[in-house]
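For reference, the structure discussed in these notes is given below.
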Amino acid sequence: MRLEMIGYSVVAASDGEEALSAFRQETPDLIVLDVMMPKLDGYGVCQELRKQSDVPIIMLTALGDVADRITGLELGADDYMAKPFSPKELESRIRSLLRRRNDRTTTSAISNLGVMVVDNLKIDTNKRQVYKAGERIRLTGVEYSLVELLMSYPGKSFSRGEILQQVWGYNAEQHADTRVVDVHISRLRLKLEDDPENPEYILTARGSGYFFQRIAQLDH
């Protein structure tokens, strides 16, 4: 009701199977997904959606265990909120993810430069696509923006808070869980690194954050 009042068109689904059916019919710009649903839970829906789409997903969970909350992120959600939450905060996060999805004119130093190459990785900054050994790697919008940010400043360490502001669009007053960043970094390593346990591209700066250690070259 609140989202419709501020101008969004909302399609509701009462269970996971209905949610997948509604997604195929409506092709929404963003999905707010509750974990606890009958027939197919939010984790299962998220998993199915990520097989076919990079649509932004915000997961809602009443589960108190941190591991349960992180599961949704590991399956491909872009963000999560624990119940109870402020409706205004949900609205803010929806705005941030939609803005990131719709705004292709980022402030990244490599945006729209063409194709960048690092070893067997190719990053097409115009199409916002990444290839490894010639095969396209499916990334969500948030994952791509995170790669682009780190590659723009090789060797520069970004704190988790800085990444949340740059990639998710949170302001400094929002107290978001920084583990969202950690899980996304892990997902990127699984997709981009030959050995995710011993990464060569996205490294951890002990006590401060993450950085991209290789310099990308323009593919002429």
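Straightening the chain between ALA133 and GLU4 buys 42.0 nm, computed as 0.36 nm per residue apart minus the Cα-Cα spacing.
If the chain linking MET36 and LEU98 were pulled fully straight, counting 0.36 nm for each residue of separation and taking away their Cα-Cα distance, it would gain 19.9 nm.
May I ask you to give the percent of accessible area on the chain that is carbon plus sulfur, with a probe radius of 1.4 Å?
Carbon plus sulfur share of accessible area: 48 percent.
Percentage of Cα-Cα pair distances in the stretch 113-199 greater than 23 Å, rounded to whole percent? Value for the stretch 113-199: 22 percent of Cα pairs lie more than 23 Å apart. The long axis of helix 141-152 is offset from the longest Cα principal axis of the chain by roughly 20 degrees. Applying the criteria of a DSSP loop state and at most 13 other Cβ atoms within 10 Å to the trypsin sites (Lys or Arg not before Pro) of the stretch 34-64 yields LYS39, LYS51. DSSP beta bridges confined to the chain are antiparallel in about 70 percent of cases. Straightening the chain between TYR153 and ASP194 buys 12.6 nm, computed as 0.36 nm per residue apart minus the Cα-Cα spacing. In this simple spin-label approximation, VAL117 and ALA82 carry label points 7 Å from Cα along the Cα→Cβ vector, and these lie 4.7 nm apart. Summarised as an ellipsoid, the stretch 1-154 has semi-axes of 30, 17, 15 Å, derived from the eigenvalues of the Cα gyration tensor scaled by 5 and square-rooted, with the largest first. Only helical runs count toward this figure. For the chain, summing -39,500 (n - 2.57) over DSSP H runs of n ≥ 4 and dividing by all residues gives -10500 deg cm²/dmol at 222 nm.
Please report the equivalent ellipsoid semi-axes of the stretch 8-75, computed as sqrt(5 x eigenvalue) of the Cα gyration tensor, largest first, in whole Å.
Calculated on Cα positions only, the semi-axes equal 19, 13, 11 Å.
Counting only alpha carbon atoms, the long axis of helix 16-26 and the longest principal axis of the chain meet at about 70°. Its Cα centre serving as origin, the chain has a Cβ charge dipole (Lys and Arg +1, Asp and Glu -1) of approximately 540 debye.
The values are calculated or read from the model by the stated rules, or taken from the named source; none is laboratory data. It should be emphasised that the depicted structure is a prediction, and the values quoted were computed from it without experimental measurement. Positions of Cβ are generated from backbone atoms using ideal geometry, with glycine treated the same way; all protein chains shown enter the neighbour counts. We work out accessible area using only protein heavy atoms, side chains counted, and drop any ligands, DNA or RNA first. Shrake-Rupley method; radii C 1.70, N 1.55, O 1.52, S 1.80 Å.
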